[in-house]
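One structure below.
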């Protein structure tokens, strides 16, 4: 069931009423949430629900060892390994099967690893990360051992299940505590986020995809270089709108249920360098990688060279998490290299000195570097990425540059220029809602949503990041 | 009432009233989506005899017409170079809006609630993007220029890892070489219904000359296959083509999308079409709304079959009238058993009607998997490697699969040097 669909809307409304009727009993609310979350998961595929259920029990039992046994570290490592094997198996089996198959054949062994048709369970990448945050927090005694239903809900919580934001056990489990009566905070923000999410996802992102990204980048061999660049810009916008729209909706849903979940975006294309970019793009992921990969590897505490290695490992792993295939590894590696170069220039010229001196240029450079990496993110194979890149440099000699391309390309600098001004737009809109009497709000919202839906291209869009 | 509960009541009020208003205004789209997804009439239709309820639909349609006003199309026409896909579909969509009034649930193309996913909801199809068919490369409000000096191609997405979907797919990093030398396999006997008429000799290939166009029609399967054929046709022979394939379509739900009508319009408009290639089916094997109104016609009943055959025949006769040859592709096996039986039945209908008309029926059942019957996700390449030809939803094709089918279509086309 897609989140932007009539089924979800009606189901959620019905659920919402019962959920708040149970307000004096948070434990009951948790139960309702648990059933609703598993129901949503089962609506994709019943096996996903069963699988998550079994996985939850196994991990929870192992985590008991962390709390009660004499060797908590062993249980920590075991449970992390179990979680990672689960992720690895479902996500990377097919890819590694081929890899190992080739390797075995190369080694002269005529073994055939069976090609099992594996379907990737929804949310596996996300609940694996949630699991690790839980296990580590438990080990570090940042949280107490929760009841199993709270833990199960932490993993299955539907606003964060499908595509994040990546939550932390230390932040979420206290919110699930049974003595805490919940309330809806920031309701105006909720309304703004929902309408914004639908505009971003249903209209703008879909429009860009249908009219710019798909036609141009699918057949890059047939377009002028500038058009291809316009296509890449469009993709950069599309993926941002798509993902941030989804995140906005999830944050709004969580707020409606009385929960606060981490944000994922903070005007990412305003970043002045690549490090800044990762503080603004998919923030929950960056923080998770920093806390659970980069710091455990040593972070920046073991000298310059080791730091750069840690950066590289972290970024490549991030790439692999996003998808299966060499393209993603290269995508991660490119970002790793960029950060390393940034670290080098920092140590040579002073920390972010270039960026502070020439902020607009830095922003422009960073944006274009990110766009370059998006090529690898988008293209299904390396060959396709290569084709797009070569097309940019070899197809410049044509006489006809379409007007629409030029218009589009000119919009980008304008957007980058105006972007900082929009910093407080969401809050302003939310505050503005205070002036609208609550009785007539439905009419305003309906009118806005209707307008957005009418302008949108056809169909129910899915979510890009839900594939990870 | 607790003082703290009052804000929650306000929220419930806001959400429910907004939701109700939206349902009221978007009822057409919801009805269409419901029919496509659940193969029965939407429960909202029961409300349609209330005048007040109908008002919502009317407001929606009026607004849609206002947005789709022809003045933008005039702008398009004067600036676009040739008759291409984009123009054809633009006007087709425009005209689709003015379909006869006895089809109440006219679905405008701009509704967010019309489905982009096939009625078969399965997980693992990362390629929702294949179904997000785009019909024109230009924005609504900008003058439409060709993006290149070639025809703007309407395209679909290959397996893009990061494409928006709620389902995930296993990525295939295999060389996408076409299976060479795939012979036309012989149809299994039990698949062919008994043909009562004397079968005409079917031509082995279609012959067209370079000035003629090829018209691709169908659902999301065609959306995946057509681009490969089109590229080959253009690169090798300079042959132009039109691709109007559209996800979630078929012959069963005419109120959602009317293929007979669309084919008629397209053939009338583009006199130089020489070949029509049809590829659809998986959206069809369900109960069908009765054209005369009333209960839905049960799938595979004689009434259902008659209506369906009529539609196939209509298209074939149209083609004949315009001197257009037809290649009609059979549907390959599907992973879901119920769907698979449905499409195999449909294949018998296609085959018998096509053979009667003397056109080419191109089965795809064994094409992807070699000799083995039944659904298989994988096929063997010449170097004895397994390569995935179907996506995780058990319906669509990977790029490798698409290319195989495209190759087969091309093998049926002979280009006459003029």
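The values are calculated or read from the model by the stated rules, or taken from the named source; none is laboratory data. Being a predicted model, the structure only gives us computed values, none of them experimental. All Cβ positions, glycine included, derive from the backbone under ideal geometry; neighbour counts span all protein chains shown.
Looking at segment A:248-274, which of its residues are closer than 21 Å to residue A:358 by Cα and crowded, with 19+ Cβ neighbours inside 10 Å?
A:268, A:269, A:271, A:272, A:273, A:274
Residue-level check: of (1) in a loop (DSSP other than H, G, I, E, B); (2) crowded, with 23+ Cβ neighbours inside 10 Å, residue A:197 misses just (1). Among the residues examined, residue A:146 does not qualify as in contact (Cβ under 8 Å) with a residue 60 or more places away in the chain and not in a helix (DSSP H, G or I). Among the residues of segment B:1-32, just one is in a helix (DSSP H, G or I), closer than 26 Å to residue A:190 by Cβ, in contact with a helix residue (DSSP H, G or I) (Cβ under 7 Å, 6 or more places away or on another chain) and touching a residue at least 40 places away in the same chain (Cβ under 8 Å), namely B:30.
Within segment B:24-37, at least one residue is out of contact with any strand residue (DSSP E or B) (no Cβ under 7 Å at 6 or more places or on another chain), modelled with pLDDT of 85 or more, under 30 Å from residue A:22 (Cα atoms) and within 12 Å of another protein chain (Cβ to nearest Cβ). Filtering segment B:292-320 to residues that are under 26 Å from residue B:267 (Cβ atoms) and without any contact (Cβ under 8 Å) to a residue 24 or more places away in the chain leaves B:306, B:307, B:310.
Of all residues in segment B:364-380, those being within 14 Å of chain A (Cβ to nearest Cβ) and surrounded by 16 or more Cβ atoms within 10 Å (Cβ to Cβ) number 6. Can you find even one residue in segment A:328-350 that is in a loop (DSSP other than H, G, I, E, B) and at pLDDT below 95? Yes, segment A:328-350 contains at least one residue that is in a loop (DSSP other than H, G, I, E, B) and at pLDDT below 95. Scanning segment A:173-194 for residues that are within 11 Å of chain B (Cβ to nearest Cβ) and either farther than 29 Å from residue A:26 by Cα or part of a helix (DSSP H, G or I) (or both) turns up A:187, A:188, A:190, A:191, A:194.
Hey, any hits in segment A:402-409 for a residue that's surrounded by 15 or more Cβ atoms within 10 Å (Cβ to Cβ) and assigned to a loop (DSSP other than H, G, I, E, B)?
yes
Once segment B:33-45 is narrowed to residues that are touching a helix residue (DSSP H, G or I) at 6+ places or on another chain (Cβ under 8 Å) and outside any helix (DSSP H, G or I), the residue that is surrounded by the most Cβ atoms within 10 Å (Cβ to Cβ) is B:42. Considering every residue within segment A:18-25, establish whether at least one is under 30 Å from residue B:34 (Cα atoms), within 11 Å of another protein chain (Cβ to nearest Cβ) and surrounded by 14 or more Cβ atoms within 10 Å (Cβ to Cβ). Yes, segment A:18-25 contains a residue that is under 30 Å from residue B:34 (Cα atoms), within 11 Å of another protein chain (Cβ to nearest Cβ) and surrounded by 14 or more Cβ atoms within 10 Å (Cβ to Cβ). Checked against the criteria, residue A:421 does not count as over 18 Å from residue A:199 (Cβ atoms), free of Cβ contacts under 8 Å to residues at least 24 places away in the same chain, over 28 Å from the mean Cα position of the chain (by Cα) and loosely packed, with under 14 Cβ neighbours inside 10 Å.
Confirm whether residue A:153 is touching a residue at least 12 places away in the same chain (Cβ under 8 Å), more than 13 Å from chain B (Cβ to nearest Cβ) and assigned to a helix (DSSP H, G or I).
Criteria met by residue A:153.
When A:205, A:170, A:209 are checked against the criterion of being at pLDDT 90 or above, outside any loop (DSSP other than H, G, I, E, B) and crowded, with 23+ Cβ neighbours inside 10 Å, a single residue qualifies: A:205.
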